[in-house]
Every structure is written in C-alpha cells, then in structure tokens.
Amino acid sequence: MGTVEATSLDQVVNTDRYPLLDLAGPAGRAVVDRARRELATLGCTVLRDFVRPELRAALRREGAALAPLAHVDVETVNVYNIAVADDLPVDHPARTPFERGNAFVARDRIPTSALISRLYTHQAFQRFLAACFELPTLYELADPLSGLVLNVVPPGRGHPWHFDTNEFTVSMLTQAPQGGGLFAYCPHLRSVADENFDQVRAVLAGRAEHLVRRLPLTPGDLQLFLGRYALHRVSPVRGPGARHSAIFAYSQRPGVVGSVARPRQLFGRVLPVHHAAEAVRGDRLLD
Ligand SMILES: O=C(O)CCC(=O)C(=O)O
Ligand SMILES: [Fe+2]
C-alpha cells in the first residue's frame with residue numbers, strides 16, 4: 001500500500017479504532033474477530049463511528065446533494081421481489097404485497113470523489129470486509145448501476161420486508177431521519193437449504209416479534225449483514241427529513257451484473273451490459 005492510499009484511508013476511516021492497514025495486529029484481529037462472531041450469531045454487526053465523526057457533516061451533505069437523482073417509483077413488491085405466478089400456493093409469502101417507497105441513486109450518478117465512493121473502491125476496505133465475512137476476496141459488482149447506491153427513504157415512506165439478492169451486504173447511514181426509519185431484521189431466517197416460509201409468513205403478519213431485532217444507527221456507522229438470509233426492512237420515516245444510506249454491494253465472484261428486470265425496477269433504466277450478461281447466481285433461492 002502506497003503512502004497516498006494510506007493517507008486517504010486515514011482521512012476517511014477512524015483507523016485508530018479500526019486499523020484496516022494492520023489487520024494482523026492485536027487491535028485489527030480483535031475488530032475482525034468481533035465482526036465474525038456477531039455475523040455468525042446474529043447475521044449482522046455494526047462498527048460504530050467507522051467514518052471519522054468529524055466527517056459526518058460532509059457525509060450527510062454529499063448524500064443530500066445526490067438524493068434528488070434517485071429514481072422515484074413507488075411500487076408494489078413482495079419479500080422476494082419476484083413476479084407472483086398464478087400457480088403459486090395461496091399462502092405463499094410472495095403473495096403478501098408491500099409498497100416499496102424508497103428510491104435509489106445509481107452508482108453512475110455518484111462521483112468517484114464522494115466519501116462513500118472512495119470507501120467502496122478502496123482495496124484495504126475490501127480486504128477488511130472480506131476478512132470480516134471470512135471470504136478470500138470480495139469483488140465490486142461489475143454492474144455500473146447497482147454496485148454502490150444511495151438508498152433514499154422519504155418521509156411517510158419505508159423500505160418494506162425483503163431478502164437481498166446479494167449474500168453479503170454492507171451499508172452506512174449517511175442521514176438519519178427525525179423519526180422512524182429504523183432498520184429491523186430477523187437473523188438467519190432462511191438458509192440455502194430452507195426458505196422457512198412459516199416463519200417468513202409469521203414475521204410478515206406481525207406474529208413473530210421475538211424474531212425481530214431493531215438496530216439504532218448513527219451516520220458513519222458501518223453495518224455488515226447477511227441480507228440474503230436475514231429478512232429485513234426500514235420502517236416508515238416520520239418527520240420532515242428523508243433517511244439516506246449508502247449500500248455497498250460486493251460479490252464473491254468477479255463480473256457479477258444484475259438481471260434485466262432488476263435495474264429497470266430499481267433505477268428505471270437498463271444498460272447494454274445488463275442485456276449482454278446473464279446474472280451470475282450461486283444458489284437457487286427465490287429472487
Ligand atoms: O437502507 C438500508 O439501511 C437498508 C436497505 C436495504 O435493505 C436494501 O437496499 O436492500
Ligand atoms: Fe436489503
């Protein structure tokens with residue numbers, strides 16, 4: 001790692017607390033061990049004040065400047081983001097409709113100079129995340145729209161219960177709402193081997209509070225979670241301000257590009273690369 005890279009990392013990340021350039025040292029090992037433990041037990045871990053607190057204002061300002069570029073389209077979805085086929089059993093959880101009121105700013109609208117962009121592409125950041133997720137390597141998505149996005153949840157809207165397409169999700173609140181907008185999740189609700197429809201149904205029906213954990217977040221906290229297996233949502237935002245969060249999407253394989261339907265739904269546009277590439281998927285879970 002060159003001095004320039006190290007300096008730029010120190011400027012953004014609270015490296016006193018999270019020594020990304022010395023993961024083999026005692027402090028680095030302790031940080032990675034804790035993340036691994038919490039991911040194993042809860043499917044989620046939060047690294048508080050990951051971005052230097054003095055950069056909170058800049059983080060918020062950059063996100064707020066991007067938010068008007070979000071593709072706004074309130075739509076009816078289900079937890080799997082799949083089309084509801086006629087032959088789907090009547091009690092299938094995909095038959096429960098939700099209004100998705102969040103909007104995404106696509107990666108190609110986010111300047112490379114933005115704090116969230118500098119983090120997303122930084123090799124040391126990627127190596128650190130891979131260590132936390134116990135993976136040899138993490139790759140940025142090859143998708144020009146969905147690798148890094150800003151999730152904008154405006155007042156009165158929420159991001160309803162869903163599973164992610166990506167196994168490993170990394171996110172960071174950049175602007176907290178005045179009220180509501182709480183992240184909630186159900187650790188390990190499904191697995192590659194088991195969709196666990198009964199408990200998914202119970203959570204959607206509000207009959208499984210004991211499975212739901214709520215996560216208070218402060219801008220600049222880094223959140224790692226297993227969103228493909230943990231059902232999760234952002235509750236409706238209250239008050240005058242929107243909730244903004246950066247979603248850093250990586251994959252275990254290089255060259256991953258979303259299917260055609262997804263970018264159309266999320267960003268309102270599809271690029272030639274989406275038509276050209278078949279989505280590279282590693283399992284047969286819905287969505
Ligand atoms: O904004 C967040 O904190 C979560 C967003 C989310 O779950 C997603 O984009 O899939
Ligand atoms: Fe998600």
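The values are calculated or read from the model by the stated rules, or taken from the named source; none is laboratory data. Please read all numbers here as calculations on a predicted model, not as lab measurements. Here the Cβ is made from the backbone with ideal geometry for all residues, glycine too, and neighbour counts use every protein chain on show.
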Residue under evaluation Ala124, criteria (1) surrounded by fewer than 22 Cβ atoms within 10 Å (Cβ to Cβ); (2) in contact with a Pro (Cβ under 8 Å, 6 or more places away or on another chain); (3) modelled with pLDDT of 95 or more, criterion not met: (2)
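Yes/no matrix, rows are residues, columns are (1) at pLDDT below 95; (2) over 28 Å from Ala27 (Cβ atoms):
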position: Thr165; (1), (2): yes, yes
position: Pro177; (1), (2): no, yes
position: Arg190; (1), (2): no, yes
position: Pro219; (1), (2): no, no
position: Val234; (1), (2): no, yes
Filter result (away from ligand 1 (no atom under 11 Å from the Cβ) and buried (at least 18 other Cβ atoms within 10 Å of the Cβ)) within the range 216-234: Pro219, Gly220, Leu222, Leu224, Leu226, Tyr229
Cross-chain or 6+ apart pairs with Cβ under 6 Å, the range 156-173 first and outside any loop (DSSP other than H, G, I, E, B), then more than 8 Å from ligand 2 (Cβ to nearest atom) and of a type in the set (Phe, Trp, Tyr): Pro160/Phe98; Thr169/Phe225; Val170/Phe248
Scan of the range 206-228 for residues that are over 27 Å from Gln123 (Cβ atoms) and within 16 Å of ligand 2 (Cβ to nearest atom), ordered by number: Val212, Arg213, Arg214, Leu215
Number of positions in the range 64-87 that are in contact with a Pro (Cβ under 7 Å, 6 or more places away or on another chain) and either assigned to a helix (DSSP H, G or I) or surrounded by fewer than 16 Cβ atoms within 10 Å (Cβ to Cβ) (or both): 1
Contacts under 6 angstrom Cβ, first residue in the range 220-246 being among the β-branched types (Val, Ile, Thr), partner surrounded by fewer than 20 Cβ atoms within 10 Å (Cβ to Cβ) and at pLDDT 95 or above, 6 or more apart: Val237/Pro155; Val237/Gly180
Residue list for the range 181-214, restricted to those being part of a strand (DSSP E or B), within 13 Å of ligand 1 (Cβ to nearest atom) and not aliphatic (A, V, I, L, M): Phe183, Tyr185, Cys186, Arg214
